[in-house]
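The structure appears below as structure tokens.
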Amino acid sequence: MYLVEDKAKRADVRTSEQLAGEGFMLATPIASPGGKWEHFPNSHISHHGKACCDIAHEWLIAYDFAQLNGGDILSGPRWMREHSAWGPSAWPIHWCEAVDAKIVDCGVHAAIAQEAFVARGLRAFRAQFIQRYSADAAASWRESWGKGDVSDHWIDGDAIYHEGNAVVVGDDHVKLWDGSAGWWINPRGEAGYGSLAAVRIDARVDSFATGLLWGNRRIPLNLWVEI
Amino acid sequence: MKIFVSGLYAGGNPQPGVGIVRSLRQGYPDATIVGVEYSNGVSGIHFDELDDLWIQRPWGELDLESYGQRVREVLDAGGLWISGSDLEAMWLASVFPDGHANLLAPPMAGIKRITKPVVEAASGLPVRIPTYLSTEHSDWDLHAFCRAQDWRVWLKGPYYDASRTPTWDAFTAVRNALSKVWSTEKLFLQAHVSGYEESVMLSAYQGELLGAVSMRKRDVTAEGKTWAGDVSDVPPEFLEPLRRMVRDTNWTGGGELEMVRDASDQLWLIEMNPRFPAWVHGATIAGHNLPALLVQAATGVRAQPVPAQSAEFTRVVLEVPVRADYPLPPLPEPFAGAVGHSMKHPSGLTALAARLHKIDPDMLDVALAPEGSPAPNAVSALPETYVADIGAQDFGAMQTPQYIYMESTAEALFASAAERARRLSTDDVEVISGYSIKTNPDKRLIKLALDNGFYAEAISLGEVQTALEVGFRPDQVILNGPGKWWPEGLMPRETMHAVFCDSVADLDRVVAAVEAGEMSARHIGIRIRTPNITSRFGIPLDSPTTFAKLIEAVKRLPTDSKFGVHFHMASSHVGVAQWWHLFESMLRWCRSIERLSGRTIEMLDMGGGWYPDDWHADETSKIAHAAELVRAMLPAVRQIASEPGKAMAQPSMALAMRVLEIQEHEDDMIEAVVDASIAEIPMHFWQPHRMVRQCGETGALQPIGRGKTYLMGRLCMEHDIIASNVQLPEGTRAGDLLIFCDAGGYDRSMSYVFGRG
Ligand SMILES: [Zn+2]
Ligand SMILES: [Zn+2]
């Protein structure tokens, strides 16, 4: 679900192997809202620098607009989930591969949705989530990620790391989009299975100094915030 | 304490009775709760929390007067009554117009102020009402409303029942069914609002709001009914106006406001119900026992507090034992040969609706127009040129059925299109019109197109030949479509104005033919198939792979021709707003194609399938805006072709027919046989036609309104009914002349020869 092969673009970010290794060495999650994912970067889709990725990117933006079908531009791009199911994907991944793949992980969904939201003229940011599930769910996911020969470093006990988007609505309100599920996360969510344990909104901007309002909660930017 | 609770139907679209009983039982463990029903076929009567049952005969056979008297006795004796049915609440309001201290249902004045769709009582709430139109308007206007709403519309009955009607034939079928079931012609069309459904439930006693909760649907059945939800407090900005509303209407009892929250957070009020909703116990689970609050206010006896168990609730399906003294009724005998035998409303609610109409025809009237506004007219007005053109005919000598060429109408339409094109053209970008020959290949229309500066749009070489015969030059011809090489050997060698390729294979063939000197065109381009719209035409864009193929194909187009893009979608089919979204979407695809292929687009051909009124009424504003958008997004475009085929052709002909025979049946139902048929008017299922009768004596034109007459065509085909629900003017008899207008488009070009001898 994450990553970063494009060192040229983001020299400050470490490789997936390093990060995964770091995670696995921890006996228990770090006692901070971000847990073992405290310094995890958002997933980043790479560009071949050639026409293949240009075409894929242009297609994505035009297709998203077509799918709006006259609806409100604040509608979540649910078509992405129809276009590519959620599952293990191998990183690094390029635009031409990401847009064509039948199965992708939440990092791809979130990166694609981000392009679409921004192209619609919305203010949107990448968001990282930590969600609570169960030991059984985790075991099942480990199994399928193992079969796909893809790292399962996003699972930790009954918590998982997940990616999505934060879309600004109104002045400083935000909605959290989970593209892999195809829904907006419920800000009134309770604790328990599938609930949001922590969130980090990645917004390298000067505005929103006081953070963004999600439901009744004010979320400071670029920090893991416990929910 | 004795509490009567009705509305115990507990099927897939349940009534609230069982939920009310469960909530009351928690608040008042010792109360005697009596279930009231009008059929022993209603499953909720077997719910074991009911202490007693009071089962009446179904509404259709119940003696309402004596039943009303017995309800009064029950109330006078101290019994409380909570109604779980809209229609029962309305009937109770008619029996107790000013209420009764023990009747926990709204008074008549309150009910009258919540009739759909306006819900006058809710005017202070932070909600909007989706746009609507009474079906008392003419079919012509109703069709226009549907187009304007992109066919995302609901046809609704006055009490409940609503159906999506995505096409004209679906609309007419549902209109017939709803009118019959609910014994009223007063239905309304309402725009669909896309969003999340939520409700506010309230409980009030004699104008005082006792409590209210908000619920968001978190799971719904196939019918859109609540299956699970979360419950929360009503925010103050909603609660305060709600409190005022309850005071203004002197509300007593439960109530529900059903709403949709759209993507921009606006609430739309869909309807208000004069009773608790079926999810009432879901709120009790969340700690808001609204039925108990109601009983507490009416009796002064404190309800037992029940702590909240969860802010969310869901439903399960349970089997329960059937009570021995009310065994299940036998199933009705299935109709011979028919499928199924279930009866939708075991208690006969539809029969109650019919009876309520008789008690007080106004009681259930849907408030569809603000007071003082003109009454809707079911007869569509006839444009002046129609009247003139019909008046110019010599019907005496006319063999019917006969298409009438509406000369002055056609001339006016073409002239105004030409004038519009001139007005929209600038020094940089020329706007032209193309007449699509397939819409109606009548040479009079093609000639008018030529005389008014149109180009000829052809989809076959046969059509190209027709255009050339009428006088078009090859460089005034635009060739399109998947079958443009048919019939073989007729491709002009002279330079045409534009050729658009319908597929990659077609494009390769065009490229080869141009290279071989077998054809030539100033513009050579592609027709694109925008995603998300079902179409068999054009080069698809539905995956990055097909898009990459299209880009490669565009790079192969001859460089000595200019590059063009053709886009076509019937606006009458997808709706006007959606057409405009598609248009903007198409421009974005074009921009991407330019960037990726390195070819700039110099001609844009936007086909329309415009409904005449939409195209002509749109006037310049939208088309001008479109031209502006094109200029901004595709600065190399020098020519925009618009193709108002149907908009020109459809009004330009009418169909005259004669009545052969009139048969009167019972209940005002009339069947008239005419000498025309669906062979001459094959579009009758898909669009309304404005109709007139010519009076045999005076020759005057009389509009045909809506009624109970069916016009049967002359063919031996079961579906040859060319109009239903019409009202022939008084005195119409065999031999009289009827004229169906708006028949000059596909009615004319798709007419066929069956039954012509
Ligand atoms: Zn690539
Ligand atoms: Zn994930």
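The values are calculated or read from the model by the stated rules, or taken from the named source; none is laboratory data. Quick caveat: nothing in here was measured; it's all calculated off a predicted structure. No Cβ is skipped: glycine too gets one built from the backbone with ideal geometry, and neighbour counts run over all protein chains shown. Side chains included, ligands, DNA and RNA excluded: accessible areas come from the protein's heavy atoms. Shrake-Rupley method; radii C 1.70, N 1.55, O 1.52, S 1.80 Å.
Here are some notes:
- GluC sites (Glu not before Pro) within the range B:479-545: DSSP coil, no more than 10 neighbouring Cβ in 10 Å: B:E488
- Summed over both chains, the area buried between B and A is near 2400 Å², taken from the accessible surface of protein heavy atoms with a 1.4 Å probe.
- Among the trypsin sites (Lys or Arg not before Pro) in the range B:472-566, those located in a DSSP loop and surrounded by at most 11 other Cβ atoms within 10 Å of their own Cβ are B:R493, B:R536.
- Among the protein heavy atoms of chain A, carbon and sulfur supply 53% of the accessible surface, probe 1.4 Å, non-protein parts ignored.
- Distance between modelled label sites at B:E469 and B:S408, nm, 7 Å Cα→Cβ extension: 3.1
- Share, in percent, of DSSP beta bridges within the protein assembly as shown that are antiparallel, nearest 5: 60
- Chain B: angle of helix B:349-359 to the longest principal axis, Cα-based, in degrees nearest 10: 80
- Members of the range B:587-613 that become less accessible by 40 Å² or more once partner protein chains are added (1.4 angstrom probe, chain alone as reference): B:R588, B:W589, B:L596
- With the simple spin-label model, which puts each label point 7 Å out from Cα in the Cβ direction, the B:S416 to A:A90 separation comes to 6.4 nm.
- Placing R0 at 35 angstrom, the Cβ-Cβ distance between B:K2 and B:K225 gives a FRET efficiency of 0.70 after rounding to 0.05.
- Distant-in-sequence amide H partners of B:H566 (H built 1.01 Å from N, under 5 Å): B:I526, B:R527, B:I528, B:D605
- Solvent-accessible surface (1.4 angstrom probe) belonging to A:D149, in square angstrom, nearest 10: 140
- In the full protein context, the protein assembly as shown carries 43 Å² of accessible surface per residue, based on a 1.4 Å probe and ignoring ligands, DNA and RNA.
- Rounded to the nearest 10 Å², the accessible area of B:L269 at probe 1.4 Å: 0
- In chain B, the longest principal axis of the Cα atoms and the axis of helix B:576-597 are about 50 degrees apart.
- Across A:L68, A:L212, A:L176, mean-square fluctuation computed from a Gaussian network of chain A (C-alpha pairs under 10 Å connected) peaks at A:L68.
- Three-way shape label, chain A, alpha-carbon gyration tensor, a/c 1.5: rounded
- Acute angle (nearest 10 degrees) that the helix B:17-27 long axis makes with the longest principal axis of chain B, alpha-carbon atoms: 40
- Sulfur and carbon atoms: percent of accessible area, chain B [1.4 Å]: 51
- The range A:63-157 shape via C-alpha gyration tensor axes, a/c threshold 1.5: prolate
- Stretchable slack from B:A632 to B:M669, in nm (0.36 nm times residue separation minus alpha-carbon distance): 7.5 nm
- Helical mean residue ellipticity (222 nm; -39500 (n - 2.57) per DSSP H run of 4+; nearest 500) of chain A: -9000 deg cm²/dmol
- B:D614, A:D158, B:D560, ranked by accessible area, largest first (probe 1.4 Å): B:D560, A:D158, B:D614
- Which listed pairs, of B:K112/B:K358; B:K156/B:K646; B:K156/B:K180, have C-alpha distances above 19 Å, in listed order: B:K156/B:K646
- Net charge, A:D172 excluded, C-beta distance under 15 Å - Lys, Arg +1, Asp, Glu -1: +1
- Distant-in-sequence amide H partners of B:H523 (H built 1.01 Å from N, under 5 Å): B:A498, B:V499, B:K562
- DSSP-defined antiparallel bridges as percent of all bridges, chain B, nearest 5: 55
- Karplus-derived 3J(HN,Hα), 6.51/-1.76/1.60, for each residue of the range B:211-222, Hz, glycine and proline x: x, 7, 9, 10, 9, 9, 5, 10, 7, 10, 7, 4
- Coil-residue GluC sites (Glu not before Pro) of the range B:644-699, DSSP, other Cβ within 10 Å capped at 11: B:E666, B:E697
- Taking each DSSP H run with n ≥ 4 as -39500 (n - 2.57) and averaging over every residue of chain B yields -9000 deg cm²/dmol at 222 nm.
- Pairwise FRET efficiency - B:E697 versus B:V322, Cβ, R0 = 51 Å, nearest 0.05: 0.15
- Exposure of A:F208 as accessible area (Å², to 10), given a probe of 1.4 Å and all protein chains: 30
- Which of B:V692, B:V193 is most accessible, then next, and so on - probe 1.4 Å: B:V193, B:V692
- The separation of the range A:46-102 from the range B:108-128, counted between C-alpha centres, amounts to 45 Å.
- Diffusion of chain B by Stokes-Einstein, at 25 °C in a medium of 0.890 mPa s and with Rh set to the Kirkwood radius over alpha-carbon pairs, works out to 82 µm²/s.
- Reach of B:K484 by Cα under 19 Å, taken over lysines that are not fewer than 8 positions away in the same chain: B:K438
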